[in-house]
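Notes follow the structure.
The values are calculated or read from the model by the stated rules, or taken from the named source; none is laboratory data. Keep in mind that this is a model prediction, so the values were computed, not measured. So basically every Cβ, Gly included, is an ideal-geometry build from the backbone, and we count neighbours across all protein chains shown. Protein only, heavy atoms only, side chains kept; ligands, DNA and RNA dropped before computing areas. Shrake-Rupley method; radii C 1.70, N 1.55, O 1.52, S 1.80 Å.
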Amino acid sequence: MTQCTAWQGDLTTLAVDAIVNAANESLLGGGGVDGAIHRAAGPELLAECRSIGGCPTGEARITAGYALPTKHVIHTVGPVWQGGDAGEAELLAACYRNSLDLAAKAGCRTVAFPAISCGVYGYPPDQAVATAVRAARDWIGANPGVVESITFACFDADMLARYTRELDEDSR
Ligand code: APR
């Protein structure tokens, strides 16, 4: 059974098969976790991202990890929060689903996500965490045993508490 866990720390340090980047549609880098990933991966990551030519919101693209300890980076573009009536929840769920589909296609057994859209894109954390856990659990149900572990990498204690609570509640 795929293990879903919450963990506090810097996503770029995880030696998993794939880390997921909270990117923007250009895939040309930015701040937040996107900036941290590009800084740690080195310039070759940006060069590969340039060759992809962008990614629509809700979709995902995969690259190598270069100088990062991870083998792959899966770049997904979360929705910008616009109040909740612009299909944000469906787009956010699609980020997790499409990222896991790409991870599985690349043979990744361990995958780590940041809290997509919960920073610059302003998604209310409680709603984002509930959507993330539900989307991951639904994907696991449809793809049993394909992925060994999914880690929700939280940058602060507040996000760790939210994921821990959600994972406990969802497993009841
Ligand atoms: N490790 C883990 N989590 C991190 C890290 C890190 N090194 N750095 C930031 N985070 C967390 C933030 O605290 C937040 O909870 O990742 C979550 C997502 O925040 P952002 O990185 O701001 O991503 P997002 O809200 O999806 O906005 C994406 O920001 O950086 C730009 O290019 C990016 O335009 C895009 C937008």
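If we scan the stretch 10-25, do we find a residue that is away from the ligand (no atom under 13 Å from the Cβ), at pLDDT 95 or above, open to solvent by 20 Å² or more (accessible area, probe 1.4 Å) and polar (S, T, N, Q)?
no
Quick one: ALA103 ticks every box in (1) in contact with a Lys or Arg (Cβ under 6 Å, 6 or more places away or on another chain); (2) closer than 19 Å to ALA18 by Cβ bar one, so which box is it?
Of everything listed in (1) in contact with a Lys or Arg (Cβ under 6 Å, 6 or more places away or on another chain); (2) closer than 19 Å to ALA18 by Cβ, ALA103 misses just condition (1).
If we scan the stretch 141-161, do we find a residue that is of a type in the set (Gly, Ala, Ser), assigned to a loop (DSSP other than H, G, I, E, B) and open to solvent by 50 Å² or more (accessible area, probe 1.4 Å)?
no
Among the residues of the stretch 1-49 satisfying the criterion of being assigned to a strand (DSSP E or B) and not aliphatic (A, V, I, L, M), which is nearest to the chain's Cα centre (by Cα)?
Across the stretch 1-49, the extreme among qualifying residues is ASN21.
Of all residues in the stretch 68-97 being crowded, with 19+ Cβ neighbours inside 10 Å and polar (S, T, N, Q), which is nearest to the ligand (Cβ to nearest atom)?
Ranking the candidates gives THR76 first.
Let's see how each residue does on (1) closer than 22 Å to HIS72 by Cβ; (2) of a type in the set (S, T, N, Q); (3) in a loop (DSSP other than H, G, I, E, B):
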site	(1), (2), (3)
ALA93	yes, no, no
ASN98	yes, yes, no
TYR123	no, no, yes
GLN127	no, yes, no
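If I filter the stretch 100-115 for residues that are touching a Pro at 6+ places or on another chain (Cβ under 9 Å), within 10 Å of the ligand (Cβ to nearest atom) and open to solvent by less than 10 Å² (accessible area, probe 1.4 Å), do I get at least one hit?
Among the residues of the stretch 100-115, not one is touching a Pro at 6+ places or on another chain (Cβ under 9 Å), within 10 Å of the ligand (Cβ to nearest atom) and open to solvent by less than 10 Å² (accessible area, probe 1.4 Å), which makes the answer no.
Under 26 Å from VAL133 (Cα atoms), open to solvent by 10 Å² or more (accessible area, probe 1.4 Å), assigned to a helix (DSSP H, G or I) and modelled with pLDDT of 95 or more: does that describe ARG61?
The answer is no for ARG61.
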